[in-house]
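Presented below is the structure to which this report refers.
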Amino acid sequence: MCYTLTNDLEKLGLLARAIRQSVVRSLAEAGSGHLGGSLGSADIFTTLYFSVIRHTPDEPLWPGRDRFILSIGHIAPVLYATLAEAGYFRKEELLSLRKLGSRLQGHPGRDHQLPGLELSAGSLGQGLSVSVGMALALKMDRLDNRVYCLCGDGELQEGSVWEAAMSAAHHKLNNLTVIIDRNSLQIDGSTEKVMALEPLKKKWEAFGWQALECDGHDFRSLLPAFNKARMELLHPSVIIAKTVMGKGIASIEGDYRWHGKAPTKEQAVAFLRELEGGIQNIEH
Amino acid sequence: MLTHFINRGNKSTKLGFGEGLLEAAILNERVVAIGADITASVGVDLFASRFPERFISLGIAEQNCVGVAAGLALSGKIPVFATYGVFSALRTTDQIRVSLCYNRLHAVIGGAHAGVSVGPDGATHQALEDIAVMRVMPNMTVLSPCDATQARLATMAAIQQCRGPVYIRFGREAMPDFTSVEMGFQIGLAQLVHEGSDIAIIATGHMIWEALQAAYELEKEGIHARVLNIHTIKPLDETAVVIAAKECGVLVTAEEHQVAGGLGSAVSEVISKQYPVPIEFIGMNDRFGESGTPHELMQKFGLTSGDIIKGCRKALGKKK
C-alpha cells in the first residue's frame, strides 16, 4: 500500500524538525560528515517523502513507486534520517553512520543493502543522467511513476549535468523533476565567487526546461512547485529551491565552513536544544 | 594442432558486435541501445533501424550516455552503449566506476576503434588504454573477441549471460574472420586455438590471427607453439594461463593495446604469483599510435606475426 502523504503544514514542520534532529545526532556520533547541506535540505526531503513521492517503506522495491535519486551523495545523512523517519528502518541505526560495516555509508552505497536507497552516488554530476535513464525507461514502458532528482547548486558546475539537462528536454521527459538545493554556497565559499551559476533559471529555460523557483524552507512555497511540475506535459521541470545552509541552527546558518563538518558532541547537545525550541519552518 | 584456421573473408569485429546486438535484441525485448552520434560507425545502426522505439539518441555526450545506461539498467532494461573506446571507456571512466560498477548494473559498454588498426584517424581515436582502465574496475567484465564471428557471440553473451557491467572492445578494420559458431563462447574460459608445449602465445583480439600465423610458421621449424585466445580479459582464465606456464615453460603475450595494464600485465600478475616463467610482451610500449594504413601501423609498432615469432625466439632463449 502506498504511504499516506500529507499536506498538513504543522505535521510537516514536526517531521522536518525530527529529521534535523536525527541528522545532528547521527553526525555527532559519526564525528565527520556534511551538516550544512543536510540541515539546509531537510525541508525539501520532508516535502518529497511526506507530501510528494509515492512510496511504500514496507515494500521498498514496490514497482509503482516514484524514484528519488540523490545526486549529491554527501548529504546522505538527511536522506538516511528521512528514510528512517518514514519507517524504512529503525532510527537507532542512524547512529551507525559512517562506521565500519554500516548500511549507512558516508556516501550512499547500494552494496550495503539499505532499504529505500535507489542509487550509490557521491561523484558529482552523475545523478541527473541516471534519472534521465529511469525517466526514459518509464516512458518506454508507459508507466506513470515519476522521477525526482536532487542536485546541489555547486554540482551544476559539472558539465555532465548539462549534457543530461539537454537530453531530458530533447526526450520531453515531463515525468522528471529536478530539485536544486540553491544555498549559493560550496566548500570554497559563494558559488558566485567560485564559479558563477547565475542567471540560473534562464540557463535551465534555455535548455528547454520548465524552471520554477521557490523558498526551500516554506512548505507553502515548495508544494505548489511540485504540483506545477507534475502538471507539465511537455518539458522536464526544475525547482530551484532557495535554501540556507545549516538551516535551523542560527549560529551556523549560511556559514560555508559547515559544509563538510560534523558537530562535536557538546555542540550537538546545544543544536538539539535549539531545534527543540522552535519549528521555524512554518513560521515564514 | 586442433584446427588449421582459414580466413573466410575479412570482416570487422564492429560488424560482429552490431549483429550480436541485433540478435540479442530480437530475443529479448528488454535490450535497448544508446547512440552517441556515430551509430553506423560502431555497428549500432542495424539495431536502430530495426528497433527505432528502443534506440535512444543522446548525441555527443558520452558521460551522460553512461549515466543514462545506469538509469535504464535500474529500471529493468539491458542498455547497450557503444562508441569509440577512447570515449566510451576513457572519457566516461568516472561514470563507469560509480554509476555502473559501484551500483553493479548490467549494462554493456562497447568500445570501437580498438588498437592502432584503426589506421589513418591517428592517435586520438586509437583506443590503446581501454583494457587497462576497464579491468581495474571492480565488478566489471572485459571482453576482447578475436574476429567478427566471435564478436557476435561475445556480444550476445554479454547481453544474455552477464549480471553486471561489461566492456567489450572491437576494431574498425575488416580483419580475417576465422572462428566458428561451433567453437562456442563462454565468458571467462580461454580458448585453445593451437596446440603445442614448446612455448605459449597468449593473445587477444586481432592478435589471435597474427599469433596463429606465427604458430603455423614456427611449426615448420618444429617449434610447437600453443596459442590461447584470451577473449575474456576479466575474469581472466587463470587456470589456462598457469597450465600454459607449467606445460610450456615460457610465454609470449600479444595484444593491440599498451602492455602496461593490458593483457601482458594481467598474465604477469597471475604467473608471477602462481608459476613464474620467462615472458615476452608484444604490444604497445608506452606510446601513442599515429596515422597510416592499418597494415603499416601494425608493422611499425611491432604487432605482426613476424614480431610474435621474434618474441617467441627471444623467449625461447630464456627458457630454462
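Readers should treat all values here as calculations from the given coordinates under stated rules, not as data from a laboratory. Here the structure is a predicted model, which means the values were calculated and not measured. Cβ sites come from the backbone with ideal geometry, for glycine too, and all protein chains shown count toward neighbours.
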When the convex hull of its Cα atoms is projected in every direction, mean area for the stretch A:1-157 (nm²)
9.0 nm²
May I ask you to list the aspartates and glutamates whose Cα is less than 15 Å away from that of B:Lys319, ignoring any residue fewer than eight positions away on the same chain?
B:Asp198, B:Glu247, B:Glu280
With a ≥ b ≥ c taken as the square roots of the eigenvalues of the C-alpha gyration tensor of the stretch B:115-158, please select rounded if a/c is under 1.5 and otherwise prolate if a/b is larger than b/c or oblate if it is not?
oblate
Folded to 0 to 90 degrees: helix A:76-86 orientation relative to chain A principal axis, Cα:
90 degrees
Sum -39500 (n - 2.57) across every DSSP H segment of at least 4 residues in chain A, then divide by the residue count to get the 222 nm mean residue ellipticity, nearest 500.
-11500 deg cm²/dmol
Average Cα contact separation per residue, chain A, under 8 Å, 6 or more apart, as relative contact order %:
24 percent
Pop a pseudo-label 7 angstrom from the Cα along the beta-carbon direction at both A:Leu5 and A:Arg54 and give the gap in nm to one decimal.
0.9 nm
Excluding same-chain residues fewer than 8 positions from B:Lys314, which lysines have a Cα within less than 22 Å of its Cα?
B:Lys220, B:Lys246, B:Lys300
For the stretch B:182-290, what does the relative contact order come out to in percent, with C-alpha contacts under 8 Å and a separation of six or more?
29 percent
Quick check for the stretch A:175-272: number of Lys pairs with alpha-carbon distance under 25 Å, counting only pairs 8 or more apart or on different chains?
17
Difference of contour (0.36 nm per residue) and Cα-Cα distance, B:Lys220 to B:Lys273
15.7 nm
Specify the angular offset, from 0 to 90 degrees and rounded to the nearest 10, of the alpha carbon long axis of helix A:219-231 from the longest principal axis of the alpha carbons in chain A.
20 degrees
Quick one: compute the contact order of the stretch A:50-133, relative version, from alpha carbon pairs under 8 angstrom and 6+ residues apart, as a percent.
31 percent
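Calculated from DSSP H runs of 4 or more alone, at -39500 (n - 2.57) each and per residue, what is the 222 nm mean residue ellipticity of chain B, nearest 500?
-10500 deg cm²/dmol
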Taking 7 Å along the Cα-to-C-beta vector as the label spot, tell me the A:Trp62-B:Glu53 distance in nanometres, rounded to one decimal.
2.9 nm
Can you tell me the mean projection area, over all orientations, of the convex hull of chain B's alpha carbons? Units nm², please.
14.6 nm²
Helix A:265-277 versus the longest principal axis of chain A: what angle, 0 to 90°, nearest 10, using Cα atoms?
70 degrees
Cα-Cα pairs in the protein assembly as shown separated by more than 40 Å, as a whole percent of all pairs, come to 36 percent
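When Lys and Arg each count +1 and Asp and Glu each count -1, what net charge do the other residues less than 11 Å away from B:Ile109, Cβ to Cβ, add up to?
-1
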Given a 10 angstrom Cα cut-off, can you work out which residue in A:Leu94, A:Leu143, A:Leu14 is the most mobile in a GNM of chain A?
A:Leu143
Can you sort A:His171, B:His257 from fewest to most other Cβ atoms within 10 Å of each residue's own Cβ?
A:His171, B:His257
What's the average, rounded to a whole number, of partner chain beta-carbon atoms within 10 Å of each residue's beta-carbon in B:55-64?
6
By the gyration tensor of its Cα atoms, with a ≥ b ≥ c the square roots of the eigenvalues, what is the shape of the stretch B:10-176: rounded for a/c under 1.5, prolate for a/b over b/c, or oblate?
rounded
Taking amide H positions as placed 1.01 Å from N in the peptide plane, with prolines and chain starts having none, which residues 5 or more places from B:Met284, or on another chain, fall under 5 Å of its amide H?
B:His257, B:Gln258, B:Val259
Estimated distance in nm for a label pair at A:Met231 and A:Lys172, the labels positioned 7 Å out from Cα along Cα-to-Cβ:
2.0 nm
Relative exposure of B:Ile243, B:Ile282, B:Ile6, judged by other C-beta atoms within 10 Å (fewest first):
B:Ile6, B:Ile243, B:Ile282
Rounded if a/c under 1.5, otherwise prolate or oblate - the stretch A:11-98, Cα gyration tensor axes
prolate
